[in-house]
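Undergrad: Would you mind keeping the following structure in view while I ask a few things?
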Amino acid sequence: MRGWLALLFLCGALAAQAQDEDPDTVLALSRLDSLAIAAPGRVTGMAWMGADTLALLMVQDDKVTAAGRAETRLVLQTRAGVVLRSEDMTGVLDRALAWDGRELWSCGDIDGGGSLLYRLEPGLLTVRGSYATPGHRPSGLCHDGRFLWLTDRDSGRLDRFDPQVDEITRSAPTPGFSPCGVTWDGRNLWVTDVGTGRLYRLSGSRRAWSGTVEAAGFLWRGRPVHLAHDGRDLWMLPDGSRSLVKVRIM
């Protein structure tokens with residue numbers, strides 16, 4: 001009898017896991033709250049550094065250097081909208097931000113159409129290291145507690161960077177063809193796609209496509225949407241918006 005019960009329990013668990021990893025799973029999204037951006041400019045990257053500090057990469061398109069680069073600043077602000085730091089990163093950083101619990105990471109364009117992944121010291125906000133990326137247009141960046149994940153819009157790919165060996169150790173296609181925002185919620189990766197306008201969930205060690213947020217809750221075709229997770233809640237920011245939106249997905 002116990003054997004049958006154990007078998008039934010195992011079958012039920014496997015069925016639930018299979019359903020959870022089904023890409024046809026439709027997820028509902030609800031908006032809970034919003035948070036205003038304090039600094040001027042257009043956000044090209046964001047990451048939570050703990051519960052109360054938000055890091056933002058801000059591009060001011062109306063301020064251009066003699067070399068033709070728009071002014072880019074790395075801004076740290078609180079949930080209350082108080083700006084703690086604002087450092088000029090023009091000519092170094094361009095897009096994407098991630099916090100690994102000790103250091104910040106971001107990406108910057110280089111001559112020839114390539115891009116570098118930068119490791120930043122959080123106290124002085126100075127570059128500690130730089131690493132080549134396989135693509136030339138990384139758009140999103142997050143840390144899952146072990147690895148960094150980069151989205152590349154032009155290649156439709158998700159790249160895994162291992163900070164212990166300082167190189168890309170895995171690449172995989174994404175559900176859409178132009179991935180942008182990416183974040184980790186402690187269990188799953190979430191990826192937005194500019195081409196399809198959808199928000200996807202990737203689960204398991206293989207980061208397999210396991211669900212899509214319904215179009216009624218999320219549809220931003222042709223517009224980048226940045227993602228960040230504060231350890232408890234998921235936040236999204238459509239390109240050009242001045243407010244982050246806290247969301248819940250079920």
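Undergrad: GNM, the chain, Cα, under 10 Å: largest mean-square fluctuation among GLY112, GLY129, GLY222?
TA: Sorting by GNM fluctuation, first place goes to GLY112.
Undergrad: Tell me what the chain gives for mean residue ellipticity at 222 nm when only DSSP H runs of n ≥ 4 count, each as -39,500 (n - 2.57), the sum divided by the residue total, rounded to 500 deg cm²/dmol.
TA: Helices in the chain give a 222 nm mean residue ellipticity of -2500 deg cm²/dmol.
Undergrad: So for the chain, averaging the separation of alpha carbon pairs under 8 Å that are six or more residues apart and normalising by length, what relative contact order in percent results?
TA: Relative CO of the chain lands at 19 percent.
Undergrad: Still on this structure: Could you list which residues have their amide H under 5 Å from that of THR133, counting only those 5 or more apart in sequence or on another chain, with H placed in the peptide plane?
TA: Result for THR133 returns SER115, LEU117.
Undergrad: Here's a follow-up. Top mean-square fluctuation among SER30, SER205, SER171, Gaussian network model of the chain, C-alpha springs under 10 Å?
TA: Comparing SER30, SER205, SER171 in the GNM, the peak value goes to SER205.
Undergrad: Between ARG248 and ALA36, what length comes free when the chain is fully extended (0.36 nm per residue of separation minus the Cα-Cα distance, one decimal in nm)?
TA: Length difference between fully extended and current span is 74.5 nm.
Undergrad: Mind ordering 210-220, 138-148 by average Cβ neighbours within 10 Å, highest first?
TA: Result, highest mean first: 138-148, 210-220.
Undergrad: Mind checking the full-extension length gain between ASP154 and VAL127? Use 0.36 nm per residue of separation minus the Cα-Cα distance, one decimal, nm.
TA: Numbers: separation 27, 0.36 × 27 = 9.72 nm, distance 2.59 nm.
Computed gain between ASP154 and VAL127 is 7.1 nm.
Undergrad: Here's something else I'd like to know. Using a Gaussian network model of the chain with C-alpha springs under 10 Å, which one of ARG160, ARG206, ARG85 is most mobile by mean-square fluctuation?
TA: ARG206
Undergrad: Report, by chain and number, residues whose modeled amide H sits under 5 Å from the one on ASP94, excluding near sequence neighbours (fewer than 5 apart, same chain).
TA: CYS107, GLY108, ASP109
Undergrad: Another question, if that's okay. To the nearest 0.05, how large is the calculated FRET efficiency for ARG170 and ARG102 if R₀ is 25 Å and r is the Cβ-Cβ distance?
TA: Numbers: r = 22 Å, r/R0 = 0.90.
Approximately 0.65, to the nearest 0.05.
Undergrad: Cα gyration tensor of the chain, axes a ≥ b ≥ c as square roots of the eigenvalues: rounded (a/c below 1.5), prolate (a/b > b/c) or oblate?
TA: Working: a/c = 1.88, a/b = 1.67, b/c = 1.13.
Because a/c hits 1.5 or more and a/b exceeds b/c, the chain counts as prolate.
Undergrad: Taking a label point 7 Å from the Cα of SER205 along the Cα→Cβ vector, which residues of the stretch 126-152 have an amide N closer than 19 Å to it?
TA: Only 144-149 fall inside the zone, counting backbone N under 19 Å.
Undergrad: How large is ³J(HN,Hα), in whole Hz, for each residue of the stretch 144-153 in order, when computed from phi with the Karplus curve 6.51 cos²θ - 1.76 cosθ + 1.60 and θ = phi - 60°, using x for Gly and Pro?
TA: After applying 6.51 cos²θ - 1.76 cosθ + 1.60, I find 9, x, 9, 10, 9, 10, 10, 9, 10, 5 Hz.
Here, each number is a calculation from the coordinates, and none is a lab measurement. Keep in mind that what you see is a predicted model, and the values were worked out from it rather than measured. Heads up, the Cβs are rebuilt from the backbone with ideal geometry, glycines too, and the neighbour counts pull from every protein chain shown.
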